[in-house]
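Remarks on the structure that follows.
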Amino acid sequence: MTRGTLWGVGLGPGDPELVTVKAARVIGAADVVAYHCARHGRSIARSVAEPYLRPGQLEERLMYPVTTETTDHPGGYEGAIADFYELSAKRLAEHLDAGRDVVVLCEGDPFFYGSYMYMHERLADRYEAHVVPGVTSVSAASAALGRPLVQRDEVLTVLPGTLPAPELARRLADTDAAAVLKLGRTFGAVRDALTEAGRLDEAVYVERVTWRAERVESMSDVDPETVPYFSLAVLASPAYAARTSGAAAPAPAAGAGEPRGGGEVVVVGLGPAGPRWLTPEAEAALAEAEHLVGYGPYLAKVPQRAGQRRHASGNRVEAERAAEALELARSGAKVAVVSSGDPGVFAMASAVLEQAERPPWAEVPVRVLPGVTAAQAAAARIGAPLGHDYCVLSLSDRLKPWEVVERRLVAAAEADLVVAVYNPASRSRTTQLGRAREVLLRHRAPDTPVVVARDVGGPEESVRVSTLGELDPAGVDMRCLLIIGSSRTRVRTRPDGGSVVWTPRRYD
């Protein structure tokens, strides 16, 4: 017998007229129509699809054993739900094995926080399966507001309200526009996160969008006791809001507009471990800033403060990041640019100062605040390998030719300097460390101590001691820093079996 076909059908946000033509056709042709419901037995999905059902179809009501209440299941809530999905999949599999086509109804879109996906992951590897997309609540909310979610280069972030409030606040501050779903009991925490991110006044609450009971109002005006699960918070396009309200856009394009006094850029070194090694001066500058600019993972180390806006970017756009910070400061804002370690060591200080030489930003004040360097942190973890003269060198040849790197390695080796090596390897740079090792071995003994420090101060910290002759480049990545000893560097074994590495200050 030919097996049936599984269909996940998106119904849109609730208005039966927003069901797509294809979804209506597939629903009407199915042998079996399945839908989820709570223990009261009513199904929103079925009510939306009802105009497209036909007499004689089999219906499978997949009733959740638990929604928000407690359960005595030995595996708790997660265990009860997992068992429910397994049982539901077996029920649908019986129909598919009998040759019946099965439609699983799903509000919104099946793969956008949809209930269908749990059936798909359990059945799609055994049966032919198709998904019919649906209009999402996010799109419907945008239409109900009459505002675009995003335009041009703006970024939209979709978040579940179940995230911890600090994480919600960080992400809401990082993005241009956002939609926060799954409110209900999370409403209070979501509103707190919007307040913490300084964006509560922008947020609009949308409830039961496209339903007869649709409700739209300012997030700050909503009574938390009245919020159902089928609601969301929306931060629409800031550029559109600025144009229609007459307000200034939050981040004007570089060189646009007239400068306003009072702004400045402070380039802050976070140290390699975030708050634990942050100086009081740097902490104060971060607290005073109205805007934080930086590489996303570094910004994540800074606690969210009420009213601050975050501007996260990738790791290879230093010039653009610096220009954005200077332009914000030019418009009168206090801006902190964050760097890991010390901002003046292979980091953002030089990038900001380089851009600050350009005419649009020549009058913008720039300050640089120091931080603990990765080399200092790694050295302290293992002893004092930097106790005598040393040099700091990056193996990255992305911004300088490899010939320059090699010439400096030779000079450091001939001068018998300890070498702190930054950027030893990356996914695209896999040969440089091996070549550097060969250069150093022409001038250093194979038993020269080498410290390989990874993620110092972080959750994956490891510090080990090797030798130049035994160093395996394959065990080194971008998160590592190497300290290669001089001819005077010593290694001592501690009573606990660990190692201490130091370079004597005396040069006999």
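The values are calculated or read from the model by the stated rules, or taken from the named source; none is laboratory data. Please read these numbers as outputs of a predicted model, since none were measured by experiment. All Cβ positions, glycine included, derive from the backbone under ideal geometry; neighbour counts span all protein chains shown. Areas reflect the complete protein model, heavy atoms only, side chains present, ligands, DNA and RNA absent. Shrake-Rupley method; radii C 1.70, N 1.55, O 1.52, S 1.80 Å.
Provide the per residue accessible area, probe 1.4 Å, for the stretch 6-135, rounded to a whole number of square angstrom.
For the stretch 6-135, the per-residue accessible area is 49 Å².
Mind listing the phi-derived Karplus ³J(HN,Hα) values for the stretch 487-501, rounded to whole Hz, using 6.51, -1.76 and 1.60 with θ = phi - 60°, and x for any glycine or proline?
Once rounded to whole Hz, the list reads 5, 9, 5, 10, 10, 10, 8, 7, x, 7, x, x, 10, 10, 10.
Express in nm, to one decimal, how much length is gained between R39 and T467 on full extension, taking 0.36 nm for each residue of separation and deducting their alpha carbon distance.
Gain on extension, R39 to T467, equals 147.5 nm.
Let me know the whole percent of all Cα-Cα pairs from the stretch 6-135 that are separated by more than 26 Å.
More than 26 Å apart: 18 percent of the Cα pairs in the stretch 6-135.
Near L194, within a Cβ-to-Cβ distance under 10 Å, what is the net charge of the other residues, with Lys and Arg +1 and Asp and Glu -1?
-2
What number comes out for the charge environment of T136, summing +1 per Lys or Arg and -1 per Asp or Glu over other residues with Cβ under 14 Å away?
-2
Considering only protein heavy atoms and a 1.4 Å probe, what is the carbon-and-sulfur percentage of the accessible area of the stretch 85-226?
Reported share for carbon and sulfur atoms: 47 percent.
Based solely on its DSSP helices, what 222 nm [θ] is calculated for the chain when runs of n ≥ 4 H residues each add -39,500 (n - 2.57) and the sum is averaged over all residues, nearest 500 deg cm²/dmol?
Here the helix-only value at 222 nm equals -8500 deg cm²/dmol.
Let me have the relative contact order for the chain, percent, based on Cα pairs under 8 Å that are six or more residues apart.
This gives 10 percent for the chain.
Please turn the phi angles of the stretch 361-372 into ³J(HN,Hα) values with the Karplus equation 6.51 cos²θ - 1.76 cosθ + 1.60 (θ = phi - 60°), one per residue in order, whole Hz, x for glycine and proline.
Each residue of the stretch 361-372 in turn: 10, 4, 9, 7, x, 10, 10, 10, 10, x, x, 5 Hz.
Accessible surface of R407 in the full protein assembly, 1.4 angstrom probe, to the nearest 10 Å²?
Answer for R407: close to 150 Å² accessible.
Rounded to the nearest Å, what's the spacing between the alpha carbon centres of the stretch 380-457 and the stretch 118-146? Just the number, please.
Centre-to-centre (Cα) distance: 52 Å.
Quick one: accessible area per residue over the stretch 264-371, 1.4 Å probe, rounded to a whole number of Å²?
Here the residues of the stretch 264-371 average 41 Å² of exposed surface.
Provide the solvent-accessible area of I81, counting protein heavy atoms only and rolling a 1.4 Å probe, rounded to the nearest 10 Å².
The accessible area of I81 comes to roughly 20 Å².
Sequence-distant or interchain residues sharing an amide H contact under 5 Å with R310, placed H: which?
The list, which skips near neighbours in sequence, is D174, L292.
May I ask you to give the percent of accessible area on the stretch 264-371 that is carbon plus sulfur, with a probe radius of 1.4 Å?
C and S fraction of accessible area: 52 percent.
Where nothing but the Cβ of Lys and Arg (+1) and of Asp and Glu (-1) is charged, how large is the charge dipole of the chain around its Cα centre, in debye to the nearest 20? Spell out each step's value before the answer.
Values: 57 positive and 64 negative charges, 198 e Å.
Computed charge dipole of the chain: roughly 960 debye.
Once the cut-off is 26 Å, how many percent of the Cα-Cα pairs in the stretch 96-248 end up in the long-distance tail?
For the stretch 96-248, the share of Cα pairs beyond 26 Å comes to 33 percent.
Please report the accessible area of D192 (heavy atoms, 1.4 Å probe, ligands and nucleic acids excluded) in Å², nearest 10.
Result for D192: roughly 100 Å² accessible.
If the cut-off is 29 Å between C-alpha atoms, which lysines fall inside it for K22, apart from same-chain ones fewer than 8 positions away?
Cα-Cα hits under 29 Å: K90, K182.
With a cap of 11 neighbouring Cβ atoms within 10 Å, and only residues DSSP puts in a loop, list the GluC sites (Glu not before Pro) found in the stretch 29-71.
Of the GluC sites (Glu not before Pro), the ones in loops of the stretch 29-71 whose Cβ has at most 11 other Cβ atoms within 10 Å are E69.
Could you tell me which trypsin sites (Lys or Arg not before Pro) in the stretch 137-232 are loop residues by DSSP with no more than 15 other beta carbons within 10 angstrom of their beta carbon?
Taking the stretch 137-232 and a limit of 15 other Cβ atoms within 10 Å, the loop trypsin sites (Lys or Arg not before Pro) found are R152, R212.
If we count every other residue with Cβ under 13 angstrom of Y229's Cβ, Lys/Arg +1 and Asp/Glu -1, where does the sum land?
+1
Amide H neighbours of V131 under 5 Å, counting only residues 5+ apart in sequence or on other chains, H built in-plane at 1.01 Å?
Answer set, sorted by chain and number: G8.
Kindly write out, for the stretch 386-398 in residue order, the coupling ³J(HN,Hα) from the Karplus curve 6.51 cos²θ - 1.76 cosθ + 1.60 (θ = phi - 60°), rounded to whole Hz, with x marking Gly and Pro.
The phi angles translate into 9, x, 10, 4, 8, 10, 10, 9, 9, 8, 5, 10, 6 Hz.
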